[in-house]
Amino acid sequence: MSIVGVVSLSVLTLPLAVADAPWGTSQTISTGTLSDSPHMVMSADGQTVIVVWKTGTSILARRSTDGGQTWDTAQTLASDAQSVTEPQIASSADATAATVVWERNDNTLRSSRTSDAAATWDAAVAMTADNTVAPRIASSADGMRITATWWRILGGVAPTIFAQTSGDGGQTWGPVNALSAVGGDATYPQVVSSADGNLITVAWSPFLGGEVRAATSTDAGDSWETSKAVNATGGRLTDLTAADDGTAAVAWQQFNGSRDAAFVATRAAGQTTWSSPVAVSTDRSGLNAQVASSRVGTRLAAAWKTDDSRLQVSTSADGGQSWAVPKDLTLSLGDGFELASSRAGQRLVAVWLGPSGSVLASTSPDAGATWTPAATVDPGAGTPFYPKVVSASDGGTAGAVWHRVVSGVYTVQYAPASIPVSLFSAAPVDFGQQVTGAAQSRVLTVTNAGSGPLDIEAVTVTGAGFSIDGQTCSSGLVIPGGTCAVNVSFSAASVGSRTGTVHFVDNSDVGFDEVGLTAEAVAPGPTLSPSPSDSPTPTVSASGVGPSPSVTQEPRTTRLTVKARKVGSIPATKKTVLVRSVNTNGRARVLVKCSRKNACGTKAAAGRVSVKPACRRGLRVTVAISATSPGAQPGSWSRTWKVKACRAR
């Protein structure tokens with residue numbers, strides 16, 4: 001892959017902008033003095049951010065590999081005599097593969113791609129050359145299946161919607177398909193894709209409003225169904241979003257007889273018709289509605305501007321069938337706003353333009369039930385335009401981008417956010433071999449390894465023979481670094497292996513967590529008397545709340561000796577041995593848990609555990625070891641290490 005161009009960093013110096021938590025200080029990331037129209041993507045883990053924009057006749061891109069804290073040198077994707085506009089970017093879930101599409105002043109389209117997270121970019125590729133306007137782009141989760149859509153005027157008649165797809169990330173493009181009737185006055189389309197890239201939806205409306213229509217492909221753009229009407233008449237498309245399975249939600253603005261209102265309709269994956277429109281703005285007008293969808297599940301969030309300059313939001317937990325009463329996020333909204341959702345829709349973030357050139361934001365940790373007070377992302381000077389916002393999969397990292405005009409100088413600015421989120425951590429519980437007819441108890445310890453409070457609403461258990469005797473987890477918030485306990489009992493009347501699950505309803509992004517239980521019921525053997533030296537095992541009483549649970553005597557404990565690295569920090573990108581040896585008089589089981597999936601480079605064999613963590617902010621590694629032997633209480637050991645912060649290159 002060749003680097004198309006690199007430009008030296010020359011930016012306008014602005015006064016230091018002080019932001020409210022959880023937002024970091026905004027930075028000017030563009031080059032030159034005529035930079036605008038930014039668009040961006042963020043990887044699922046929140047670490048890689050890629051922003052594209054135009055500066056004069058050039059398309060530029062810049063990336064961050066630490067969540068927007070620092071930035072690599074800007075790269076030029078295209079620079080020629082033709083003016084350029086409307087750069088759009090779509091990427092794989094991890095942002096390793098990304099494709100940028102833009103319009104040139106001669107009404108032709110170009111694209112460029114990266115396969116190394118924007119370290120380098122391919123030379124621009126010509127797509128189509130026939131009066132294209134306002135391109136939009138969508139990508140599959142692997143970044144290979146790309147769909148671009150736009151509108152254009154043919155032969156002087158009313159505009160028509162077209163689409164073009166690529167199966168190799170934008171290296172080559174297939175034939176151009178007309179999705180709307182020629183001369184049907186169809187403009188400003190939007191496009192979304194399922195994670196596998198097979199189910200694609202394109203929606204549009206007439207220039208001055210009318211029938212909102214949508215066309216769908218179920219074969220990655222090889223063929224398209226005849227477009228269908230989403231509303232009856234008088235609508236103007238404002239947004240389109242989709243879940244991983246391709247379930248789509250479209251938002252539009254439409255006069256309802258007394259005022260312009262915000263409407264939403266959905267089309268489930270595998271269905272051929274759209275749901276009946278629902279007016280989400282109820283007591284006031286609904287202008288320029290935005291809609292955000294969870295990638296999994298059925299959660300939706302919508303935001304809109306009222307005619308008295310409020311920013312209102314509403315949410316749905318049932319795929320848009322019913323909506324919550326709208327909430328006001330601000331009473332003095334400027335001319336731009338955007339909404340983003342975490343993967344499961346539990347965490348939301350809204351960014352908008354406020355008074356006196358400010359950029360403001362609010363977050364919701366509970367699927368829109370409550371929102372934080374407006375935080376200042378950037379107090380600003382001059383005038384900001386068109387804010388965009390993205391969120392990591394867990395909602396713990398977000399970013400906002402906009403362009404600002406100060407004394408005729410146009411710059412692109414970015415602000416990162418580190419939003420406190422809880423992180424549920426608990427090791428599976430193995431009861432080992434237990435004699436039939438006798439009840440045994442184990443304590444399941446839950447740790448909040450995140451940066452925000454863990455709120456557990458309910459704790460239940462499933463599985464034959466398992467029950468909960470008491471717990472402290474739903475009695476109050478578990479602070480970061482804090483723990484709570486669940487006392488789980490097991491009893492069986494017949495021999496055999498058993499499995500169970502402890503279920504937690506909590507404020508994680510998916511709304512729940514689960515911990516596995518295992519046990520093996522065996523026939524009674526010789527009676528064993530506890531040794532006086534055996535240590536009692538704490539259990540939680542049914543009414544136990546707080547740090548001092550009641551204590552009961554249990555049989556002797558299986559011997560377990562672990563030689564391990566002491567508690568503290570470990571380096572990133574280097575191999576570190578965490579556990580050197582495990583000795584027991586029973587059977588040992590080792591569990592290694594990484595706070596970010598596939599980021600710790602774990603190896604475990606023969607009682608030895610080593611890791612080679614990636615360079616990821618807030619990374620933690622936990623090793624939990626349990627040992628069981630017949631007729632004895634299991635022995636257990638666990639330790640957590642923090643990975644040192646590092647600067648990605």
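The values are calculated or read from the model by the stated rules, or taken from the named source; none is laboratory data. Quick caveat, the model's predicted, so the values are computed rather than measured. Here Cβ is always computed from backbone atoms with ideal geometry, including for glycine, and neighbour counts include all displayed protein chains. Accessible surface areas use protein heavy atoms only, side chains included; no ligands, DNA or RNA. Shrake-Rupley method; radii C 1.70, N 1.55, O 1.52, S 1.80 Å.
Name the strands (runs of 3 or more DSSP E) wholly inside segment 581-649 in which the number of residues that are open to solvent by 70 Å² or more (accessible area, probe 1.4 Å) is 1 or more. Explain how you work it out, then say what you get.
Working: elements: 587-594, 603-605, 608-611, 620-628, 635-643.
Answer list for segment 581-649: 587-594, 603-605, 608-611, 635-643.
Tell me whether segment 155-173 contains one or more residues that are within 27 Å of the chain's Cα centre (by Cα), in a loop (DSSP other than H, G, I, E, B) and among the aromatic types (Phe, Trp, Tyr).
Looking through segment 155-173, none of the residues is within 27 Å of the chain's Cα centre (by Cα), in a loop (DSSP other than H, G, I, E, B) and among the aromatic types (Phe, Trp, Tyr).
For segment 377-436, residues that are within 20 Å of residue 447 (Cβ to Cβ) and of a type in the set (Lys, Arg) total 0.
Within segment 397-436, being out of contact with any strand residue (DSSP E or B) (no Cβ under 9 Å at 6 or more places or on another chain) and under 30 Å from residue 633 (Cα atoms) holds for no residue. Residue-level check: of (1) in contact with a Gly (Cβ under 7 Å, 6 or more places away or on another chain); (2) among the small types (Gly, Ala, Ser); (3) open to solvent by 10 Å² or more (accessible area, probe 1.4 Å), residue 235 misses just (3). Within segment 443-453, the set of residues being assigned to a strand (DSSP E or B), surrounded by 21 or more Cβ atoms within 10 Å (Cβ to Cβ) and touching a Pro at 6+ places or on another chain (Cβ under 8 Å) comprises 448 only. On inspection, residue 128 does not qualify as open to solvent by 10 Å² or more (accessible area, probe 1.4 Å) and modelled with pLDDT of 90 or more.
On the stretch given as segment 333-365, residues that are of a type in the set (Ser, Thr, Tyr), open to solvent by less than 10 Å² (accessible area, probe 1.4 Å) and touching an Asp or Glu at 6+ places or on another chain (Cβ under 8 Å) total 1.
Within the span defined as segment 379-393, one or more residues are touching a Lys or Arg at 6+ places or on another chain (Cβ under 6 Å), in contact (Cβ under 8 Å) with a residue 40 or more places away in the chain and small (Gly, Ala, Ser). Restricting attention to segment 190-202, does a residue exist that is in a loop (DSSP other than H, G, I, E, B) and farther than 20 Å from residue 99 by Cβ? Within segment 190-202, not a single residue is in a loop (DSSP other than H, G, I, E, B) and farther than 20 Å from residue 99 by Cβ. Among residues of segment 282-296 that are over 15 Å from residue 328 (Cα atoms) and of a type in the set (D, E, K, R), those with a beta-carbon under 6 Å from a residue that is open to solvent by less than 10 Å² (accessible area, probe 1.4 Å) and in a loop (DSSP other than H, G, I, E, B) at least six positions away or on a different chain give the pairs 295/243.
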